[in-house]
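Student: Pasting a structure here, questions to come.
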Amino acid sequence: MQQTIVMLFCICVNAHAAQKVHIYLDDQLDFELFNNANSKPENIAGATNKLVFANLGENTQMIFSKASFNRTIKIMEGADFPACTVNKINTVDRKSKFLFSLPVNFYWSHKLYTYNNNKPDMQAVLNSRGEISSLPEMFKEFQNKLIVIADNFSYGDFLDTQLQKVDKHNLVIRGGSDHYETVHRMFILGRVDFLLSYPAEFHRYSNNQELPVQSYHIANAPKVVIGHIMCNKNALSEKFIVKVNAVLMELYLSQEFIEAHTDYLPASEHSALDDYIKGYYQNKVVKSGN
C-alpha cells in the first residue's frame with residue numbers, strides 16, 4: 001500500500017512538472033526582467049513579452065533560464081517538455097521545425113549603421129531613394145570593410161538571403177550568451193565598419209548618445225519585423241501557444257499593448273506604428289480567423 005502511494009505521488013509530481021514551460025533567454029536584461037516581478041522593461045521586446053506573461057494566469061508556470069541561442073536550439077530540438085524562446089522571426093526554415101505564436105512585438109526593420117567617415121563613399125551603393133541597393137553589391141565596393149552579425153541569428157528571410165551572398169571575409173560573426181550586447185559593443189567601439197540593427201535597439205545599446213554614424217534602409221526589405229514566441233513541437237507546447245494566442249487576441253488594440261511599443265520610440269513614430277499594428281490586426285488576424 002505504501003509503495004502504491006509513493007508511486008502515485010511520483011506520477012503526480014511528474015505530471016505537474018510536465019506542465020511547466022521552460023523559457024530560454026539569450027538576453028541578460030530579459031532574464032533579469034522576467035525573473036523579477038518588480039523589474040521595469042527597457043525595450044519593446046521586454047515590455048511586450050512581460051505583458052503577455054503577466055496575463056497568462058497562475059495555471060501557467062514558466063521557468064526562465066539563461067542560455068545562448070545555439071544552446072537553446074539544441075535544447076528545443078531534443079526536449080520532450082515545453083521549451084520556448086522569445087522575440088524570434090518566423091522564417092521558412094524555423095517554421096518547419098518549431099511552433100510560433102501570433103505576433104508579440106513589432107519593430108521597425110533593421111537599418112545598416114556605419115560611421116560618418118564612410119559617408120562620402122556610400123553614394124556608390126545607394127539607389128535613388130537613398131537606400132542600400134543590396135548588401136552583396138555594397139561589399140563589392142567595400143571589399144576591405146567588415147560587418148558584424150550574430151551567430152545563428154535570423155535577420156529575417158530577406159536579409160538572411162543577402163547576408164549569405166556576402167563574402168565571408170567581410171563578415172565578423174559573434175555568438176555568446178548575449179549576442180545583442182556583443183555585436184553592438186563591437187560596432188560602438190569602432191572594431192567593425194557596419195552593423196545591422198533595429199533602430200530602437202541601436203539607441204538602447206548606444207545609451208541614446210549621439211554617435212557620429214549614418215543609418216540606411218535596405219532596398220526592398222520588409223518595413224516592419226515581427227517577433228514571436230517560438231517553441232518546440234509537442235502537445236504541451238501547442239497548449240501553451242494556444243494560451244499565448246488567446247492572451248494576444250485580448251491585448252491587441254489595447255492601449256497597454258500599443259504603449260509597450262511606443263514607450264520606447266520617438267514621439268514622431270508613435271502614430272505610424274499604432275496604425276501599422278491596428279492594420280496588421282485587421283488584415284492578418286481578424287480576416288484569417290486566427
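Student: Can you list the trypsin sites (Lys or Arg not before Pro) in the range 120-150 that are in a DSSP coil and have 11 or fewer other beta carbons within 10 angstrom?
Tutor: Details: sites: R129, K140, K145; in loops: R129, K145.
Listed in order of number, the matching sites are R129.
Student: Under 20 Å between alpha carbons, and skipping anything fewer than 8 positions from K278 in its own chain: which aspartates and glutamates qualify?
Tutor: Those aspartates and glutamates meeting the cut-off are E250, E256, E259, D263, E269.
Student: Note down the Stokes-Einstein diffusion coefficient of the range 139-256 in µm²/s, whole number, using a Kirkwood radius over alpha carbon pairs, 25 °C, and 0.890 mPa s.
Tutor: Once the numbers are plugged in, D ends up at 145 µm²/s.
Student: Would you compute, from DSSP H runs of 4+ residues alone, the mean residue ellipticity of the chain at 222 nm, taking -39500 (n - 2.57) per run and dividing by the full residue count, rounded to the nearest 500?
Tutor: Details: 13 runs with 122 residues, N = 290.
Roughly -12000 deg cm²/dmol at 222 nm, from the helical runs in the chain.
Student: Another question about this same structure. In nanometres, what is the gap between the two model label sites at H169 and K20, each 7 Å from Cα along Cα-to-Cβ?
Tutor: Result: 5.1 nm between the two label points.
Student: Could I get the Rg over Rh figure for the range 95-159? Both from C-alpha atoms, Rh via Kirkwood, rounded to two places. Show your work: numbers first, answer last.
Tutor: Details: Rg = 15.4 Å, Rh = 14.7 Å.
Here Rg/Rh amounts to 1.05.
Student: Across bins of 10 angstrom width beginning at 0, how are the C-alpha pair distances of the chain distributed, in whole percent?
Tutor: The calculated distribution, bin by bin, is 6, 26, 33, 22, 9, 3, 1, 0, 0.
Student: A follow-up question, please. Express in nm, to one decimal, how much length is gained between S96 and M249 on full extension, taking 0.36 nm for each residue of separation and deducting their alpha carbon distance.
Tutor: Values: separation 153, 0.36 × 153 = 55.08 nm, distance 2.43 nm.
Answer, rounded to one decimal: 52.7 nm.
Student: Can you give the longest stretch of the chain with no exposed loop site, where a site means GluC sites (Glu not before Pro) in a DSSP loop (not H, G, I, E or B) with at most 15 other C-beta atoms within 10 Å?
Tutor: On the way: sites that count: E42, E58, E210.
Excluding the exposed sites themselves, the longest stretch runs over 59-209.
Student: Under 10 Å, Cα contacts only: if you run a Gaussian network model on the chain, which one of V52, V247, V213 comes out with the highest mean-square fluctuation?
Tutor: Sorting by GNM fluctuation, first place goes to V213.
Student: Which log10 I(q)/I(0) values does the range 189-290 give at q = 0.13, 0.19, 0.23, 0.24 Å⁻¹ under the Debye formula, counting every alpha carbon as one identical point scatterer?
Tutor: -0.68, -1.14, -1.34, -1.39
Student: Identify all lysines with a Cα-Cα distance to K140 below 28 Å; exclude those on the same chain that are fewer than 8 residues away in sequence.
Tutor: Qualifying lysines at Cα under 28 Å: K111, K119, K165, K168, K223.
No lab work stands behind these numbers, since they all come straight from the coordinates. Keep in mind that this is a model prediction, so the values were computed, not measured. Counting neighbours? That spans all protein chains shown, and the Cβs are built from the backbone with ideal geometry, glycine included.
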